Amino acid sequence: MKLPLKIVMINLGLALIFGFLMNGQNNHKAEGFGIFFLEYGIIAFIIGLFALVSTDKRFAQGFLLSGGLLFLMGVVTCGASVS
């Protein structure tokens, strides 16, 4: 398995685990997951932008891809829970 795919899978797994831990007692789980995914996606995207400076671009690819994917999941989850 390639390094960017490993980074994406680890970030998605961590986001799901922390999302479940943070929203365990919350009645509005969809909004909590959506907001957490948005925040985590933005953080991963910023890490990816900083990683572009390094010589190995595979880390940057993984973090940028996972940041975009988590941000998209957060927008979809928040949008679905509002309507």
* **Cβ charges +1 (Lys, Arg) and -1 (Asp, Glu), total dipole of the chain, debye** => 280 debye
* Once both axes come from the Cα atoms, what is the angle between helix 3-22 and the longest principal axis of the chain, in degrees from 0 to 90, rounded to 10? -> 20 degrees
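For PHE50 and LYS2, calculate 0.36 nm times their separation in residues minus their Cα-Cα distance, and state this gained length in nm to one decimal.
Full extension from PHE50 to LYS2 adds 15.2 nm.
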* To do: Working from Cα positions, state the angle (0 to 90°, nearest 10) between the long axis of helix 29-51 and the longest principal axis of the chain.
  => 10 degrees
* Using a simple spin-label model with points 7 Å from Cα along the Cα→Cβ vector, what separation in nm is obtained for ALA80 and MET9? -> 2.3 nm
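I need to check one value: relative contact order of the chain, counting alpha carbon pairs closer than 8 Å and at least 6 residues apart, in percent.
Working: 103 pairs, mean separation 32.3, N = 83.
Reported relative contact order: 39 percent.
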* To do: For PHE20 paired with ARG58, estimate the spin-label separation in nm (one decimal), with each label point 7 Å from Cα along the Cα-to-Cβ line.
  => 2.9 nm
* To do: For LEU72 paired with ILE43, estimate the spin-label separation in nm (one decimal), with each label point 7 Å from Cα along the Cα-to-Cβ line.
  => 2.2 nm
* To do: Determine ³J(HN,Hα), in whole Hz, for all residues of the stretch 71-82 in sequence, where each value follows from phi through the Karplus function 6.51 cos²θ - 1.76 cosθ + 1.60 and θ = phi - 60°; x replaces Gly and Pro.
  => 4, 4, 5, x, 5, 5, 5, 5, x, 6, 7, 6
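Taken together, the values in this text are just the output of simple stated rules run on the coordinates, not laboratory data. As the structure is a computational prediction, the values presented were derived from the model and not from experiment. So basically every Cβ, Gly included, is an ideal-geometry build from the backbone, and we count neighbours across all protein chains shown.
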